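The values are calculated or read from the model by the stated rules, or taken from the named source; none is laboratory data. All of these numbers come straight from a predicted model, not from anything done at the bench. Cβ placement follows ideal geometry from the backbone for every residue including glycine, while neighbour counts extend to all protein chains displayed. Surface areas here come from the heavy atoms of the whole protein model, side chains and all, with no ligands, DNA or RNA. Shrake-Rupley method; radii C 1.70, N 1.55, O 1.52, S 1.80 Å.
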Amino acid sequence: MNSFEYTDGGVTDSLVKLLGPSDPALAAALVIAVPHGGSLKPDYIGDRTENDPTYCPSGGCRILADSYTKPIAETLANKFIQNYCKVPYLIINELHRSKMDANREIGEAAFGNAIAESAWTKFHEYINEAQTHIQTEFDTVYNEASIEGVRGLVFDVHGYAGTDWHNEGSDFIQWGYRLGKDSLDQNAVNNCPIDITSSSTRGSFTHARQMPDESLECLVRGPKSLGQRFNDQLPLSLASSMTCGRGLPSLDYPDPKAVASDPAYCADNDGVCHYYSGGYDVEVHERMDWYNDPSFHGSHMNTVQAELPRCIRFATDETR
C-alpha cells in the first residue's frame, strides 16, 4: 500500500491511498478509482464552496460526497479477489469533496490550497502508477488504427442522487464514456452506430473500439457493453425498483436521451433529466501520459465512469 499523508499538530492523516497486490503477478488488469468517497475534513485545508467566482465554472462547484462509494469499491475489489484470485488496484481519495474534488482540473479541485493540490496530484499519479504496473504485467496491443493500448481498464466509481428522476432518485447505473445524451441519441442523423460520428479520440474506449471485430456502438450499448453485462447478472427486481442497477446505456436501454426525456422515468419540471456522461478522470486517464498528452499521441488505456444510484448505495451490504 502507498499512502500520501500529512501531519498537523502531531496527528498524521492519510489523504490518498493506493492499494494493490503485494506481488505484481497477482494483479488484475483493473484500476478502481474513488474520487468522491472520502469523509476527511481537516482544518488545515479550507472549504471549497459552491459559487466561488475564482475557481467555480458558471454552473457552480460540487461539494457533496458520493456516499458509500468507498465501501462499494472496496467490496468490488474483494469480490474480484474471491472470484478470480487476482487483485485490482484501488485508489481512494480520503478527503471529503468539500476539501478536494479529484474529478476536476486542479484549480476547481483544490481552490489554490497547496495541501489539496498535492493530494490531487498524488491521486492522479497513483492512478497512473497502477496503470504502469498493469502495462508492465499485461503488456500492450496495437489495434487496427495502429494505436497502442494497455490491456486493462480504469473504472471510476461515483454516485448520484438523481432527484430529478422518479422513485426518489434514478435507479439506473449511468455508464459514462465521455459521450453526452445528444451523441447517443438514436433519433439523430448519423448517430447510429456511434462510430459514424466518433473520431479516434472522442469519448472513452479510444483503443478498444478499433480492435478487430469491435465497435464503439457495441462496446457502449451493445450485448457486450458493461451496462448490458450488469443487466444480464441482475435479478428481475432489486430493492424497491424493477430498474435498480440497470445500465444506461445498454442493449436494453440504448438511448440515455430517450430515457431521460420519458415521463415514465423522469420527473423533472423541464422534462429532461440529467445523464452523467463521464468526467475529468476518464478523460485524462484514457492516455498513459495523462498530464502531457492531450492529443492522444502516446499509449492509451480504456476508461469508464459508473454513476451508482441511491437504490444501490443506500441498500444493505447483501444487496450491494
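Quick one: grab the alpha carbon gyration tensor of segment 1-74, order the square roots of its eigenvalues as a ≥ b ≥ c, and give me rounded if a/c is under 1.5, else prolate or oblate depending on whether a/b is larger than b/c. The shape class here is oblate.
Alpha carbon centre of segment 110-130 versus segment 1-49: separation in Å? Each part's Cα centre sits 10 Å from the other's.
Determine the shape class of segment 62-158: with a ≥ b ≥ c the square roots of the Cα gyration tensor eigenvalues, call it rounded for a/c under 1.5, and otherwise prolate if a/b is greater than b/c, oblate otherwise. The partial results should precede the final answer.
Working: a/c = 2.46, a/b = 1.42, b/c = 1.72.
Because a/c hits 1.5 or more and a/b fails to exceed b/c, segment 62-158 counts as oblate.
How large is the helix-only mean residue ellipticity at 222 nm for the chain, computed as the sum of -39500 (n - 2.57) over DSSP H runs with n ≥ 4, divided by its residue count, in deg cm²/dmol to the nearest 500? Could the numbers behind the result be given before it?
Working: 8 runs with 74 residues, N = 320.
Calculated mean residue ellipticity at 222 nm is -6500 deg cm²/dmol.
Only protein atoms count toward the accessible area here, which uses a 1.4 Å probe; on segment 110-151, the carbon and sulfur part of that area reaches 42 percent.
With a ≥ b ≥ c taken as the square roots of the eigenvalues of the C-alpha gyration tensor of the chain, please select rounded if a/c is under 1.5 and otherwise prolate if a/b is larger than b/c or oblate if it is not? Cα axes put the chain in the rounded bin.
Hey, what's the chain come to in accessible area per residue, 1.4 Å probe, Å²?
Values: 14530 Å² over 320 residues.
For the chain, the solvent-accessible area averages 45 Å² per residue.
Lys and Arg at +1, Asp and Glu at -1: add these up for the other residues within a Cβ distance under 14 Å of ILE63 and post the number. Mind dumping the intermediate values first?
Values: positive: LYS41, ARG48, ARG62, ARG97, LYS99, ARG104; negative: ASP47, GLU50, ASP52, ASP66, ASP101, GLU108.
That sum, taken over residues with Cβ under 14 Å, equals 0.
Over 22 Å apart at the Cα level, from the set LYS17/LYS224; LYS70/LYS181; LYS41/LYS122; LYS41/LYS79; LYS181/LYS224; LYS41/LYS70, are LYS17/LYS224; LYS70/LYS181; LYS41/LYS79.
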